[in-house]
Amino acid sequence: MKVDNLILGAGIAGLGAAYALRKAGQTALVVEKDATYGGLCGNIEKDGFRFDRFVHFTFTQNEEVNAIFKASCGELIRHIPNPYNLYHSQWIKHPAQNNLFPLSTEEKESIIKDFKERPVIDATYVPKNYEEWLRLQFGNYFAEHFPMVYTKKYWMKEAKELRTEWVGNRVYQPSLDEVIAGSQTADTPMTYYAKEMRYPQKGGYKALLKTMADVANIEYGMCVTAICPSEKKVQFANGREIGYEKIYSSLPLPIVIESIQNVPDVVRDAVNQLECTSGYHISVALNTKNIPPYLWWYIYDEDILAARVYSPSLKSPDNVPEGCSSLQMEVYCKENEYTEQELIDGTVGKLVEMGIIKQEEILFTHVGFEKYANVIFTEPIYRARKIVRDWLADQDIETIGRFGEWDYLWSDQSLLSGLKIK
Amino acid sequence: MKNVIITGADGFVGSYTVKHFLAEGKKVLALDMGESPRRLEPHPNMQYMQCDISNTKAMLEAIPANEYDTFIHFAWAGSAGDARFDYNLQMQNALNTVECLKAAKQLGCSRFVCAGTIMEYEVEAAIHEQGSRPGMGYIYGMGKHIAHCLCKSVAANIGIDLLWPMITNAYGVGELSPRFVNTTLRKIINGEPLQFTAATQNYDFVYVTDVAKAFFLVAEKGKPFCEYMIGSRHARPLKEFILEMVKACAPDAKPLFGDVPYTGTNIPLSIFAIDAIRENCGFEPEVSFAEGTRRTMDWLKMVELKQ
């Protein structure tokens, strides 16, 4: 069997690529190792509860993306983001830097003092790493107690190991006046980077992909074992072999390189320099609707394993049976770093200890692992990924999506990565 | 002016200055730390001498007196990177400068020309501003400013003319230190994102051949005990320089402004004015920023290819 365009992966980028090729009058075959489409935008269903796999909302402004989403599931639920932070068992409005009100007077004074005492830098100065960026941005006390702690939990790295170019609008940069104002009142303006978060009424995040999946030619259960660019053939674990003219791959770059023989050393060295986070989602089904009213919250306390908690039931009531609710906690770590019991004790157990949920309200917990969660911006990332992607492009393998571009792409950007293929 | 001594002669600005003086028919004694020069090429009117400027006693023994009329001082350890924060080093540089001034007098020079920096103005502003907290990056400028202060009194006292050209920002082919223009160009070459502060601070950049010419003109025509700003005559907010560089060198790149926290103060454009050096010395800069960055980029690409 031979196809013109072979797309690896039926996640949001792969489906986007298939959609773009179809629009351009070309045919494409999408191959997917799982039994359904969606990839990281997919979900887990159990006993009437639905849990997304690390994907959360869309807040895209892109018209093409919005048109596809609308065609998939009509009008979306619109949420005004109200994220909170859990810091030393206190709830603090997000972002903490300009919502210091609930903290002790002593701690507020330390933060504001260090904020005022940030060193003056020259306009041409570029901080050497994320830690230095944070210290320059927030002063030492806040940097050390909030984002540097969170960085370890979310990025699995010390802040000093990270570059800074990915930060952009993802971290709010308040003025001194805003910091002081936020320390004096709880009534502060919303400063989150997205003004509105949208989510399908039914079917979880995955439902946004439906219109693309419906028209795509997808074969499931196809796990790539070998790619041979010289013969233009791909072999699969089920014994199938497919010839191609061109590949669009949304697989993580390390997987693509592993499946090719005779890769030059310089490319292999480069792919070994790419780092990404992995992590567990610990999902909790509850027989009550009495949970914190926040769509999501960040946890700064180091004794709690989770970095973030989302509520699938607040995203859409369709994600739970009537009268129930759900939470999903995110623990970023290496595979098998913790046992399943340790994961549950360090997340669900802590929420019970703090009285945020009650043990008897838990219907079940579910633990899932994602090997590829987000790319980490360590020093060599730009150089290394360019070497890998350029070499693959020379082999007629174009790489797309978060782990194909090896970039911090949100879901809409991952879709655009597929839609914009030549 | 016939015969000159130039310290730091094998450095970035120093080596261009030596070449300029040679091209103008002057005889140059080039002093630097290396056993042999890395940048300077042999020339019949140039003598290279390995010299540790912190040991002026040895310098005085090695150099014949009354042979040279002008002493040009570039030698300064740690003008880029983290060494700018090293106050011991920067203080030592300032003391070395005063000793070189005295040595110049003993060697019979009538003029001492030392490379100052526009950062001296930033230092002054930051020091005198109530409640300001300058970063460690200011320490280099403080060292230069201390040298300037000390030299002015000592020169007057011992009877040698002091001239103090102040470089805004030199850049160009051959610059190896991690300074703004070449680090930005390297990022462009490596396909890295271009991330900056809001870049509203006033700035100026002068191509290195123009800086070398300015040093020559100040040495020859400058008025005793005067300072001269060496600029491009087109000082403006940093952002405009960045946009010009990107347009010339990487039209597809999208620079990001404001992604780096910035708390610095601004120098008024009047400080960057080069009226004094134009009127007294006849200096006119020639190389535009677009042209200068293009030349530098082509050179950096060649260097990367060789590696």
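Here are a few things to note about the model shown:
- Gaussian network model of chain A, springs between alpha carbon atoms under 10 Å - residue of A:I242, A:I299, A:I92 with greatest fluctuation: A:I242
- Helical runs (DSSP H, four residues minimum) scored at -39500 (n - 2.57) apiece and divided by the length of chain B put the mean residue ellipticity at 222 nm at -13500 deg cm²/dmol.
- Helix A:381-394 vs. chain A, principal-axis angle (Cα, 0 to 90°, nearest 10): 20
- Share antiparallel - DSSP beta bridges, the protein assembly as shown, percent rounded to 5: 45
- For B:M302, the accessible area of its heavy atoms, probed at 1.4 Å with every protein chain present, is near 100 square angstrom.
- Projecting the Cα atoms of A:N169, A:Y154, A:N129 onto the dipole axis of segment A:96-184, where Lys and Arg carry +1 and Asp and Glu carry -1 at the beta carbon, places A:Y154 farthest toward the positive end.
- Cα gyration tensor, chain B - rounded (a/c under 1.5), prolate or oblate: prolate
- The value of relative contact order for segment B:1-167, using C-alpha pairs under 8 Å at least six residues apart, is 22 percent.
- Contact surface B-A: accessible area buried, both sides summed, square angstrom, 1.4 angstrom probe: 2200
- Per-residue shielding of B:131-141, expressed as the average number of other chain Cβ atoms within 10 Å of the residue Cβ, stands at 3.
- Here chain A carries DSSP beta bridges of which approximately 70% are antiparallel, counting only pairs with both residues inside.
- Calculated mean residue ellipticity, 222 nm, chain A: -8500 deg cm²/dmol, from DSSP H runs (n ≥ 4) at -39500 (n - 2.57) each, averaged per residue and rounded to 500.
- Counting only the Cα atoms, segment A:315-422 fills a convex hull of 160 Å³ per residue.
- Each of A:G346, B:Q90, B:S232 was placed along the dipole of the protein assembly as shown (beta-carbon charges, centred on the mean Cα), and the one lying farthest toward the positive end is B:S232.
- Seen from every direction in turn and averaged, the convex hull around the alpha carbons of segment A:96-184 projects onto 5.7 nm².
- Solvent-accessible area per residue for the protein assembly as shown (1.4 angstrom probe, square angstrom): 42
- For chain A, the dipole from Cβ point charges (+1 on Lys and Arg, -1 on Asp and Glu) about the Cα centre works out to 1020 debye, to the nearest 20.
- Centre separation in Å (Cα based) which lies between segment A:382-405 and segment B:64-109: 51
- Dipole in debye (nearest 20) - segment A:220-274, about Cα centre, beta carbon charges: Lys, Arg +1; Asp, Glu -1: 160
- Considering segment A:276-375, its Cα convex hull presents a mean projected area of 6.3 nm².
- Among A:S325, A:S250, A:S259: highest mean-square fluctuation, GNM of chain A, C-alpha pairs under 10 Å: A:S259
- Per-residue Karplus couplings for segment B:217-224, computed as 6.51 cos²θ - 1.76 cosθ + 1.60 with θ equal to phi - 60°, are listed in order as 5, 5, 4, 7, 10, x, 7, x Hz, Gly and Pro entered as x.
- Each residue was assigned an accessible area with a 1.4 Å probe, and for B:E240 the value is about 90 Å².
- C-alpha center-to-center spacing [segment B:1-43, segment B:116-160] in angstrom: 27
- Cα gyration tensor, segment B:1-167 - rounded (a/c under 1.5), prolate or oblate: prolate
- Total charge dipole magnitude, segment A:276-375, about the Cα centre, Cβ charges on Lys, Arg, Asp, Glu only, Debye to nearest 20: 320
- Normalised by the number of residues in chain B, the mean separation of alpha-carbon contacts (under 8 Å, six or more apart) gives a relative contact order of 17 percent.
- Where Rh is the Kirkwood radius over Cα pairs, Rg/Rh for chain A: 0.98
- Each eigenvalue of the Cα gyration tensor of the protein assembly as shown, multiplied by 5 and square-rooted, gives one semi-axis; in descending order these are 59, 32, 20 Å.
- Taking amide H atoms as placed 1.01 Å from N in the peptide plane, the amide H of A:N374 lies under 5 Å from those of A:T277, each 5 or more residues away in sequence or on another chain.
- Most mobile listed residue (A:E379, A:E342, A:E161) in chain A, GNM with C-alpha springs under 10 Å: A:E342
- Mean separation of Cα contacts under 8 Å, 6 or more apart, over the residue count of chain A: relative contact order %: 25
- Element breakdown for segment B:1-167 at a 1.4 angstrom probe: carbon and sulfur atoms account for 51% of the accessible area.
- The HN-Hα couplings worked out from phi for segment A:304-318 by the Karplus form 6.51 cos²θ - 1.76 cosθ + 1.60 (θ = phi - 60°) are 9, 5, 6, 8, 9, 10, 10, 10, x, 6, 7, 4, 7, x, 5 Hz, whole numbers, x standing for Gly and Pro.
- A:R389 accessible area, assembled protein chains, probe 1.4 Å, Å²: 70
- For the listed residue pairs A:K210/A:K315; B:K144/B:K301; A:K33/A:K232; A:K232/B:K187, the alpha carbons are over 25 angstrom apart in B:K144/B:K301; A:K232/B:K187.
- Whole-Å distance, taken between Cα centres, linking segment A:71-126 and segment A:1-38: 41
- Couplings for segment A:158-174, taken from phi via the Karplus curve 6.51 cos²θ - 1.76 cosθ + 1.60 with θ = phi - 60°, read 6, 4, 6, 8, 9, 7, 10, 5, 6, 5, x, 8, 6, 10, 6, 10, x Hz in order; Gly and Pro are left as x.
The values are calculated or read from the model by the stated rules, or taken from the named source; none is laboratory data. Just so it is clear, the model here is predicted, and its values are computed rather than measured. All Cβ positions, even for glycine, are placed from backbone atoms using ideal geometry, and neighbour counts span all protein chains on display. For accessibility, only protein heavy atoms count, side chains too; no ligands or nucleic acids. Shrake-Rupley method; radii C 1.70, N 1.55, O 1.52, S 1.80 Å.
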